[in-house]
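Quick note: the coordinates plus some simple rules give every number you see, no bench work behind them. Here the structure is a predicted model, which means the values were calculated and not measured. Because the Cβ atoms are built from the backbone with ideal geometry, glycine has one as well, and the counts that use them run over all protein chains shown.
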Amino acid sequence: MTPKSRSRVIAGGAGQAAEAARLTAFPREATMGTVARLLEDERVLGSLLLLPTVVLLGLFIAYPFVKGVWLSLTSATVGDHGQFVGLANYVKIWNDSIFQRAAANTFVYTGLATIGKLALGMWLALLLNRHFRGKRLVRASMLLPFIVPTVLSTFAWKWMFDPTFSVLNWSLYHLGFIQTRIGWLTDPTMALGSVILVNIWRGMPFYAITLLAGLQTVNPELHEAAAIDGATGWQRFWRITWPLLLPVTMVVTLFSVIQTFADFQLVYVLTGGGPANATHLFATYAYQIGINTGLLGEGAAVSLAMFPMLFIIVVIQLWYIRRVEGA
Amino acid sequence: MDRMNRRKFMKVSGSAAAVAGIGIEGILAARRAPAYAQGTKLHLLRWNDFVPAADEVLAKQMPEASKALGAEVTLERINANDLQARITAAISSGSGPDIIHVLKNWPHLYEKSLADVSDVSEALGKAQGGFYPAMTDLCKVGSAWRAVPHAIVGGQIAYRKSLFEEVGAKEFPKTWQQYREVGKKLKAKGYPIGQTAGHTFGDAPVFWYSFMWAFGGKEVEKDGKTVALNSKETLESVKFAVGFWKEACDEGGLAWDDSNNNRAFLSGTISATINGASIYVESLRNKEKYKTDKGALMHTDILHAPNPAGPAGVFHLHAPFSHAVMGYSKNQKLAKDFLRWLHGKEQFEQWFVAQKGFSVGSTTDWEKHKMWEIDPVMLPYRTAARAFRLYGYAGPPGRAASEAESKYIITDMYAKAIQGMKPEDSVQWAESELKKIYA
């Protein structure tokens, strides 16, 4: 019997008059009865339960996004709503050499950092999946780069890369590996490489811990059976571990790509986008235009230039995950 | 120090302002403090000063102002780099501090969101010998003052007297060519000149704009529209910069922020750098901590000098600071009364003396103050503001000038050439960027 039909039985028959009298005597209970009946409708209840989420998403995701899109179509500056200018801001940044450099940097930064984090994260996860003394301590300490606030850890890296007092250069020099100091942040290519290195260091634990969780769901009997059949370590990884870990890997990569593509703090602290724009990313350039120059419309356009790329990445990865789940 | 009472507060601020027929005099005539509603608060947002002693003076002045004004005046201090984000948020939301410490040419940038403070600024200027022209150009937008000029952190070259003498320079070089030659010898001895060419908001523009002007380069013509960067003079300055950098400078400067040169100087790895007096101030604050490689106290080996002259002369881009009353503030009158008091001679003097020359006044009268007799090492800062030129020269220091500066176009023009781009190409790149900005 469904709750609805049960309520109908209670409300009907000989008890109807008595129930009506009771409800007249206690009107609040009558109202509650109406509310209860409404809530028993799955569509109403479902909508009500969804409402807080919809309101939160609307306020904190949809509204800022729509506002951002609108800003990018106006000549708004700080303190001035500006005029509707259509795609003029996009045309301007398209022809802006610094924007072009920032766009190229962002793709290189995201691509190399993601590959680095995935490779090292996987390697670390495979190591940590083994049994050894002090395993728990190592697992906990591995999370440190991820736990320490990015700004603080980036400042530590900044000191390590310092053009004059770099501890890395000092160590390499005294170990006899270099004769002159390495321009970690002064040479344009090295500077981009350095910010990628720091991003890999910071993001690798996220990959490692998530992949480790995935690894622990892989049935060890599969590996044992493969080993008995004479499979090498690489073959067992490639034929068993990797396929079973792929859905988790895709999800981790999805989140990581989005975060890396929109990274700001690391570059802002380490180089400010310099030298000569060699490390500018979409986000740092958007900040420079929107906040430092006060050109909110143009800044929003730079920021939203990330959107199509991120959208494509998300669609591809979600499509892939759905396909894997459906298989 | 005498205790400040309400009447004294109004008298001091009123005499400083010398305002005709408005506010302060009216209040004084009525012998009554302004009728600010009970519980009225005034929120002042400033940067964290490089001179903590000056911030302490300011902190002590707040309760005095609160008592005399009959309103609670609060002071909040944040990192200078974070000010613009706070201003943007405050203006966008229409709420926040009543008065904000503004740097550079921000009065132009936020013009529409700032209250008109012409009455306060003009009276203060008259009372204190007149503002330096650059401060007027920065704070007066059109016919209205959008901020009250407060102070200027002057930029001078801090240099090591003993090292310069060792290479035969008995006095600081007068021209860029001489500076390059001396720098070449210093670098050969392991003490290069230290200068940033990175993306950092203070020292980089302060050095490279001044450098360009010394050679006769400029961003735009007087009309503020015609880009004039790609000139023989600018190109000459870029070519000179490439040689100067390689022969005389610490090449790590491409990645320096505003604090790197301080650390490098105080640890004895460079011989000279452009700077507010923070290096010297720090060496005085911790005398035993900083020593030369011969064991002498570092502060005894530091001198200051203005920029060398180029073919066009000597110019400086300093760091100007002003106070703006926010347009959204519901306490604009109170804010103006407070600024009249704070910028008035008696109050400003306490702060100015605590600065010991790190900041100079925005009006010319402060060049005559006795404070300058205390320490001859700080003397070059006394008249530093006379050579003050602004972003966007020869046009006005407006939004386009600000965009060019915040995008580091001029700094990067030099940085690109230093990194190996042909000087002609780097100038052409910068010119094309400026044309887009000024279009």
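Assorted remarks:
- Yes/no for B:PRO173 being within 28 Å of B:SER278 (Cβ to Cβ), part of a helix (DSSP H, G or I), in contact (Cβ under 8 Å) with a residue 12 or more places away in the chain and not hydroxyl-bearing (Ser, Thr, Tyr): no
- Hits in segment A:163-210 (condition: within 11 Å of another protein chain (Cβ to nearest Cβ) and not in a helix (DSSP H, G or I)): A:PRO163, A:THR164, A:PHE165, A:SER166, A:THR180, A:ARG181, A:ILE182, A:GLY183, A:TRP184, A:LEU185, A:THR186, A:ASP187
- Test: residue in segment A:84-96 that is free of Cβ contacts under 8 Å to residues at least 24 places away in the same chain, out of contact with any His (no Cβ under 7 Å at 6 or more places or on another chain), assigned to a strand (DSSP E or B) and more than 20 Å from B:ILE91 (Cα to Cα): yes
- Summed over segment A:294-314, the residues that are surrounded by fewer than 24 Cβ atoms within 10 Å (Cβ to Cβ) and either on the phi > 0 side of the Ramachandran plot or not in a helix (DSSP H, G or I) (or both) give a count of 2.
- For segment B:112-145, the set of residues classified as within 21 Å of B:LYS330 (Cα to Cα), within 14 Å of chain A (Cβ to nearest Cβ), in contact with an Asp or Glu (Cβ under 9 Å, 6 or more places away or on another chain) and not polar (S, T, N, Q) consists of B:LYS112 only.
- One residue stands out among those in segment A:228-284 that are of a type in the set (A, V, I, L, M, F, W, C) and within 14 Å of another protein chain (Cβ to nearest Cβ): the one that is surrounded by the fewest Cβ atoms within 10 Å (Cβ to Cβ), which is A:PHE264.
- The condition of being over 21 Å from B:LEU317 (Cα atoms), outside any helix (DSSP H, G or I), within 13 Å of chain A (Cβ to nearest Cβ) and β-branched (Val, Ile, Thr) holds for only one of B:ILE100, B:ILE87, B:ILE91, that being B:ILE100.
- Restricting segment A:60-82 to residues that are part of a loop (DSSP other than H, G, I, E, B) and within 14 Å of chain B (Cβ to nearest Cβ), the residue that is surrounded by the fewest Cβ atoms within 10 Å (Cβ to Cβ) is A:HIS81.
- Test: A:PHE132 is within 14 Å of chain B (Cβ to nearest Cβ) and aromatic (Phe, Trp, Tyr): no
- The C-beta contact set for segment B:402-424 (first residue more than 9 Å from chain A (Cβ to nearest Cβ), second residue basic (Lys, Arg), distance under 8 angstrom, 6+ apart or interchain) comprises B:ALA417/B:LYS239; B:PRO423/B:LYS239.
- When restricted to residues that are surrounded by fewer than 24 Cβ atoms within 10 Å (Cβ to Cβ), part of a helix (DSSP H, G or I) and within 11 Å of chain A (Cβ to nearest Cβ), segment B:242-259 contains 1.
- Of everything in segment B:181-228 that is hydroxyl-bearing (Ser, Thr, Tyr) and within 12 Å of another protein chain (Cβ to nearest Cβ), the residue that is surrounded by the most Cβ atoms within 10 Å (Cβ to Cβ) is B:THR196.
- Residue check, B:LEU58 in contact with a Phe, Trp or Tyr (Cβ under 7 Å, 6 or more places away or on another chain), more than 18 Å from B:MET326 (Cα to Cα) and surrounded by 22 or more Cβ atoms within 10 Å (Cβ to Cβ): no
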